[in-house]
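Asker: Quick one: the structure is below, and I'll ask about it shortly.
The values are calculated or read from the model by the stated rules, or taken from the named source; none is laboratory data. Fair warning: this is a prediction, and the values are worked out from it, not measured in the lab. Backbone-built Cβ (ideal geometry, glycine too); neighbour counts: all protein chains shown.
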Amino acid sequence: MNAPKLLHVVVACAENRVIGREGRLPWRIPEDVAQFHALTAGQTVVMGPLCYKGWPRARTEGRHPIVITRDRTVAQPGTDVVASLHDALVLAEKLPGAIMICGGERIYAESLALDRPMRLHLTLVHATLPGDRFFPDWRNGSWRELSRRESADENFRYSFIELEK
């Protein structure tokens, strides 16, 4: 039996772990969006229905979306719909490319709880922002930092951090 593929968890969150507010990102950081698109191009992207509906480019640039939902109306050509993270990972293991976990809150929590190798591609926005969706607390986990790059735009300072466990 082959070892499972490395999971790549891709997220941008504020210092207080906020990832969303009223179904949207609570910031607009073009550099982060560009990095997200470059990182996920040509890969299998696993996400919930809100993330899928809010990401018009999910089916472009060679991405293979897998949406975790019981709502079959989400299905479109080139998109797989499954009922659970387990089902998504079983399918993703059979597909070419890396497995990219792209949100939302529940899928991030279930993914980080798995006992398997993973890499966290974190854009940490250096701000405390109001929100209603949160990324699980990763700070006390057994992560090893692989890289860090600081950046800023006219509204925010942020760090691109890559961690692995």
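Asker: Considering 77, 65, 30, which residue is of a type outside the set (D, E, K, R) and in contact with a Phe, Trp or Tyr (Cβ under 7 Å, 6 or more places away or on another chain)?
Answerer: Of the residues listed, the single one that is of a type outside the set (D, E, K, R) and in contact with a Phe, Trp or Tyr (Cβ under 7 Å, 6 or more places away or on another chain) is 65.
Asker: Does any residue in segment 72-87 that is closer than 21 Å to residue 60 by Cα and modelled with pLDDT under 85 come within less than 7 Å, Cβ to Cβ, of a residue that is among the β-branched types (Val, Ile, Thr) and surrounded by 14 or more Cβ atoms within 10 Å (Cβ to Cβ) six or more places away or on a different chain, and which pairs are these?
Answerer: The qualifying pairs are 72/81; 74/67; 74/81; 75/81.
Asker: Out of 110, 154, report the one residue that is under 21 Å from residue 23 (Cβ atoms) and either outside any strand (DSSP E or B) or in contact (Cβ under 8 Å) with a residue 60 or more places away in the chain (or both).
Answerer: 110
Asker: Ok, one more. Restricting attention to segment 115-134, does a residue exist that is polar (S, T, N, Q), at pLDDT below 95 and part of a loop (DSSP other than H, G, I, E, B)?
Answerer: Narrowing segment 115-134 to residues polar (S, T, N, Q): 123, 128.
Checking the rest, the ones that are also at pLDDT below 95 come to none.
For segment 115-134, residues polar (S, T, N, Q), at pLDDT below 95 and part of a loop (DSSP other than H, G, I, E, B): absent.
Asker: While we're looking at this one, here's another question. Take residues that are over 16 Å from the mean Cα position of the chain (by Cα) and tell me which of the helices (runs of 4 or more DSSP H) falling wholly in segment 26-96 contain 3 or more.
Answerer: Working: elements: 30-40, 49-53, 85-94.
Here the list reads 85-94.
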